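Visitor: First the structure, then my questions, so here it is.
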Amino acid sequence: MVKFNRYKNGLKRAITLSYDDGQKQDARLVEIFNRYGMKATFHLNGERYLEMTDEQLKEVARIYDGHEVSCHTLHHPHLETLPMQIATKEITDDKAILEKMCGYIVRGMSYPYGTYNDDVINAMKAGGMEYSRTVNSTNSFAIPKDFMVWNPTCHHNADLLGLLEKFHSISWNDLPLFYVWGHSYEFDRQNNWEKIEEFCEKASG
């Protein structure tokens, strides 16, 4: 268990958001997050950027400026079906591309399809990862006991405003962490961009 008694800037509670796959809708989502001062992690698949020039990589990096970029493997496979050597390469190759793109050390990832086993966790560690997010919603605001199996509070399709009210009622002594995940393209498919915008507006600050 990580030992600390405050978040950045002395805050006693925190909200973070996590989005996978690096789709074109990320740009719109980043604009919403920036408008309300929200911070997110975007987990990207390096395969999408293999043929890009350095300048094109910089253009992609600018989309995510001010937010964290992390691994989602090179090709988005079910890692638990691969030999450990190949699973590790999926992580390290993705990491190398994203570090070239963003200019900083990439330390985390999310599991493709949310699937993993002990061998995958070992591959992740061998690839230099310090955390990885699952898709197992807990509806809780507890700090994870194991950051290699980081379960989010909920997907963005959950009752975000109801959970936000509950989040604000929890004692700050518990250092509550509200962790939302999803895919930006889902807002187009479900035609509900207003949901994440309303959440960010009410959660801002």
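Visitor: Are any residues in segment 119-134 in contact with a strand residue (DSSP E or B) (Cβ under 7 Å, 6 or more places away or on another chain) and open to solvent by 30 Å² or more (accessible area, probe 1.4 Å), and if so, which ones?
Guide: Applying the first criterion (in contact with a strand residue (DSSP E or B) (Cβ under 7 Å, 6 or more places away or on another chain)) to segment 119-134 yields 124, 129-134.
The answer is Glu130, and nothing else.
Visitor: Can you tell me which of Ala87, Ala61, Ala40, Ala27 is open to solvent by less than 90 Å² (accessible area, probe 1.4 Å), in contact with a strand residue (DSSP E or B) (Cβ under 7 Å, 6 or more places away or on another chain), modelled with pLDDT of 95 or more and not β-branched (Val, Ile, Thr)?
Guide: On the way: Ala87 fails: in contact with a strand residue (DSSP E or B) (Cβ under 7 Å, 6 or more places away or on another chain); Ala61 fails: in contact with a strand residue (DSSP E or B) (Cβ under 7 Å, 6 or more places away or on another chain); Ala27 fails: in contact with a strand residue (DSSP E or B) (Cβ under 7 Å, 6 or more places away or on another chain).
So the residue among Ala87, Ala61, Ala40, Ala27 that is open to solvent by less than 90 Å² (accessible area, probe 1.4 Å), in contact with a strand residue (DSSP E or B) (Cβ under 7 Å, 6 or more places away or on another chain), modelled with pLDDT of 95 or more and not β-branched (Val, Ile, Thr) is Ala40.
Visitor: While we're here: For the structure I just gave you, tell me whether Met1 is modelled with pLDDT under 95 and over 24 Å from Glu198 (Cβ atoms). Before you say what the answer is, go through the steps one by one.
Guide: Values: modelled with pLDDT under 95: yes; over 24 Å from Glu198 (Cβ atoms): yes.
Here the answer is yes, as Met1 does meet what is asked.
Visitor: In addition: Across segment 164-193, what is the number of residues that are exposed (fewer than 15 other Cβ atoms within 10 Å of the Cβ), under 21 Å from the mean Cα position of the chain (by Cα) and within 22 Å of Ala14 (Cα to Cα)?
Guide: Going through segment 164-193 one residue at a time, the tally reaches 0.
Visitor: Looking at segment 4-24, which of the residues that are at pLDDT below 95 and of a type in the set (Phe, Trp, Tyr) is nearest to Glu68 (Cα to Cα)?
Guide: Tyr7
Visitor: Of everything in segment 30-44, what is part of a loop (DSSP other than H, G, I, E, B) and free of Cβ contacts under 8 Å to residues at least 60 places away in the same chain? Give them in sequence order.
Guide: Start the filter on segment 30-44 by keeping residues that are part of a loop (DSSP other than H, G, I, E, B), which leaves 37-39.
Listed by number, the list holds a single entry, Lys39.
Visitor: What's the number of the condition His168 fails, among (1) touching a Lys or Arg at 6+ places or on another chain (Cβ under 9 Å); (2) modelled with pLDDT of 95 or more?
Guide: The single condition His168 does not satisfy is (2).
Visitor: Mind checking which pairs have a first residue in segment 13-29 that is farther than 18 Å from Leu50 by Cβ and part of a helix (DSSP H, G or I) and a second that is open to solvent by 30 Å² or more (accessible area, probe 1.4 Å) and of a type in the set (Asp, Glu), Cβ under 8 Å, 6 or more apart or different chains?
Guide: none
Visitor: Going through Thr115, Thr92, Thr73 one at a time, which residue ends up being hydroxyl-bearing (Ser, Thr, Tyr), buried (at least 21 other Cβ atoms within 10 Å of the Cβ) and touching a residue at least 24 places away in the same chain (Cβ under 8 Å)? Please lay out each step first, then the result.
Guide: Working: Thr115 fails: buried (at least 21 other Cβ atoms within 10 Å of the Cβ); Thr92 fails: buried (at least 21 other Cβ atoms within 10 Å of the Cβ).
Exactly one of Thr115, Thr92, Thr73 is hydroxyl-bearing (Ser, Thr, Tyr), buried (at least 21 other Cβ atoms within 10 Å of the Cβ) and touching a residue at least 24 places away in the same chain (Cβ under 8 Å), namely Thr73.
The values are calculated or read from the model by the stated rules, or taken from the named source; none is laboratory data. Keep in mind that what you see is a predicted model, and the values were worked out from it rather than measured. Counting neighbours? That spans all protein chains shown, and the Cβs are built from the backbone with ideal geometry, glycine included. Remember, those area values only see protein heavy atoms, side chains included, never the ligands or the DNA or RNA. Shrake-Rupley method; radii C 1.70, N 1.55, O 1.52, S 1.80 Å.
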